[in-house]
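Inspection log for the structure reproduced underneath, given as C-alpha cells.
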Ligand SMILES: NC(=O)c1ccc[n+]([C@@H]2O[C@H](COP(=O)([O-])OP(=O)(O)OC[C@H]3O[C@@H](n4cnc5c(N)ncnc54)[C@H](OP(=O)(O)O)[C@@H]3O)[C@@H](O)[C@H]2O)c1
C-alpha cells in the first residue's frame, strides 16, 4: 500500500463534524493521501456520501479500519469512546498510535480498555480548524513518548496552532478553546445586530464585527501584550469607547464570560461518564 506524504496510514473512527474537518484539512494539505486514509461512521447510509466527498475508503467497521492504520483518530462522542476502544482493542499493537479528540475522556480510560501499553494522545481541537485557524491542546498518556507528541503536533499544526499541556488541564481547555468559538459567535452576532441597530446594512455590519474580532485577536497573538493594555490604547479619555465599556461592565460581560467557561469546563469533567 502506498503511504502518504507524512508516511503514515491513518484511520479516523467517527468522521462526523470534527473527524471530517481534520480529514478534509489533512487531505487538502496532502499530509494524508486518499489511498492510505480511511474513516468510519455509525450509519451505513452516510458511508457513500462521505466516501464521494473525501475520496477515501469509508465504512462502518472500526476494527477493519484500525487494523491497517499506523495512526488511529478516535473522533466519536465521548460516551462512545470506550465502546469503540473495546471493539478495536484486540488488534491494536504498541507500534500504532491512538489520538483521541473526545472531550472528557481520560487517556487512562482508553489505555485500560485497549490493554497492552498502547500509546495514546489526547487532543482537544476546535472547529476553526476548518479554515486552518484552529487551536489544539494535546497531552500524552502513560505509554506515549515525545516522538508521539511531536507526530500528533505535526498533524494538528496543519489546521492551526498547537500547545502541549498536562492532562489535568484538558477539561479547562475544552471549556475555553473548544467551546469558545460558540461564545465568540454569540458575541459576533450581537455586534452585528448592534451595527444594524445603529443603521448599518447587515452584511457590512457582520464584516466589521468579524474582522474586528479577528484583528483584535491577531494583535494579542502577535504582540503578546496584555489585553487590558491594548484596550487602554483604544480608550481615549472622555471618548466614545469608555461609554461603551461602561455599558459592558454594567451588563456584566466579563463575569458572564468567565462563568460560561467555568460551566463548560465543569461539564467536560462529567461528559464521558454521562448517559
Ligand atoms: N464539535 C466540536 O467543536 C469538537 C471540538 C473538539 C472535540 N470534539 C470532540 O469530537 C468528538 C466528535 O464530536 P463531533 O462534534 O464531531 O460529533 P459528530 O458530528 O456527532 O460526530 C460523531 C461521529 O461518530 C460517528 N459514530 C458514532 N458511533 C460510532 C461508532 N460506534 N463507530 C464509528 N463511528 C461512530 C457518527 O456517525 P454518523 O455520522 O453515522 O452518526 C459521527 O460521524 C467528540 O468526542 C467531541 O468531544 C468536538
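Please treat every number below as a calculation from the coordinates, not as lab data. For clarity, every value in this text was computed on a predicted model and none was experimentally measured. Ideal geometry is used to build each Cβ from the backbone, glycine not excepted, and the neighbour counts take in all protein chains shown.
Brief remarks on what is shown
- Under the criterion of Cα pairs below 8 Å and six or more residues apart, the relative contact order for segment 180-271 equals 17 percent.
- Relative contact order %, segment 82-137, counting alpha carbon pairs below 8 Å whose residues are six or more apart: 34 percent
- Protection-proxy order for peptides 153-162, 197-206, each taking the mean of Cβ atoms within 10 Å per residue, highest first: 153-162, 197-206
- Helical content of the chain, expressed as a calculated mean residue ellipticity at 222 nm, amounts to -15000 deg cm²/dmol (DSSP H runs of 4 or more residues, -39,500 (n - 2.57) each, divided by residue number, nearest 500).
- Each residue, residue 145 and residue 55, gets one label point 7 Å from its Cα in the Cβ direction; the gap between the two is 3.7 nm.
- Principal-axis tilt of helix 146-156 within the chain, Cα atoms, nearest 10 degrees: 60 degrees
- Antiparallel DSSP beta bridges within the chain, as percent of all bridges there, nearest 5: 15 percent
- Over the chain: Rg over Rh, Cα atoms, Kirkwood Rh: 1.04
- Ratio of Rg to Rh over segment 10-166 (Cα coordinates, Kirkwood Rh, two decimals): 0.93
- For the pair residue 30 and residue 210 in one chain, pulling the backbone fully straight at 0.36 nm per residue adds 61.9 nm over the alpha carbon distance.
- Helix 202-223 axis, angle to the chain major axis (alpha carbon atoms, nearest 10°): 80 degrees
- Helix 17-28 vs. the chain, principal-axis angle (Cα, 0 to 90°, nearest 10): 80 degrees
- Ranking of 179, 190, 133 by neighbouring Cβ atoms within 10 Å, starting from the fewest: 190, 133, 179.
- With neighbour counts taken as other beta-carbon atoms within 10 Å, the residues 258, 184, 88 rank, fewest first, as 258, 184, 88.
- Pairs of Cα atoms nearer than 8 Å and 6+ residues apart set the relative contact order; for the chain it is 15 percent.
- Length added when fully stretched, residue 163-residue 221, from 0.36 nm per residue minus Cα-Cα: 19.5 nm
- Rough spin-label spacing in nm, given labels placed 7 Å along Cα→Cβ, for residue 115 and residue 238: 7.8 nm
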